[in-house]
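Below: the structure, in structure tokens.
The values are calculated or read from the model by the stated rules, or taken from the named source; none is laboratory data. This is a predicted model, so every value here is computed, not measured. A quick note on method: Cβ atoms are made from the backbone with ideal geometry, for glycine too, and the neighbour counts reach across all protein chains shown.
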Amino acid sequence: MDFFHKVDKIQLSKLDYEIGEFIDAPIFTACPVSMECKVENVVMYGETANIIASIKKRVVNPILIEDGKLNSDKLNSVLFFGDDNEKKYIVI
């Protein structure tokens, strides 16, 4: 399966975005939940990189908030898990 390695995926997506307020990275305007994170440390465990980051800003679509909390039941999430051997997309 080709995941377009070294291709500008932002341009390829054709999605609207803004540059983050705290981090020089795209924030997709259509995303129901977005976070701007600053990488604080990268800890290697064998060939696996564990990234430690601090959250600088959270953006949540107001329709997902009930009683001041995120109602995750309203999300149509897609999770990606993968490595060099196998890749999976799961819709929850």
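When the range 75-92 is filtered for residues that are under 24 Å from residue 20 (Cβ atoms) and not in a strand (DSSP E or B), the ones remaining, listed by number, are 75, 76, 77.
Out of everything in the range 40-64 that is hydrophobic (A, V, I, L, M, F, W, C) and at pLDDT below 95, what residue ends up being nearest to residue 18 (Cα to Cα)?
The residue in question is 59.
Applying the selection to the range 39-73, what residues are surrounded by 10 or more Cβ atoms within 10 Å (Cβ to Cβ), touching a strand residue (DSSP E or B) at 6+ places or on another chain (Cβ under 9 Å) and more than 24 Å from residue 26 (Cα to Cα)? Correct list: 71 only.
Scanning the range 13-56 for residues that are acidic (Asp, Glu) and assigned to a loop (DSSP other than H, G, I, E, B) turns up 16, 21, 24, 47.
Close Cβ contacts (under 8 Å, 6 or more residues apart or on different chains) running from residues in the range 72-92 that are among the charged types (D, E, K, R) and at pLDDT below 85 to residues that are surrounded by fewer than 10 Cβ atoms within 10 Å (Cβ to Cβ) and part of a loop (DSSP other than H, G, I, E, B) comprise 87/1; 87/3. Of note, residue 10 does not satisfy the criterion of being loosely packed, with under 12 Cβ neighbours inside 10 Å and either in a strand (DSSP E or B) or β-branched (Val, Ile, Thr) (or both). Do the conditions hold for residue 78, that is, is it closer than 20 Å to residue 91 by Cα, loosely packed, with under 11 Cβ neighbours inside 10 Å and either of a type in the set (A, V, I, L, M) or out of contact with any Cys (no Cβ under 8 Å at 6 or more places or on another chain) (or both)? So residue 78 passes the test.
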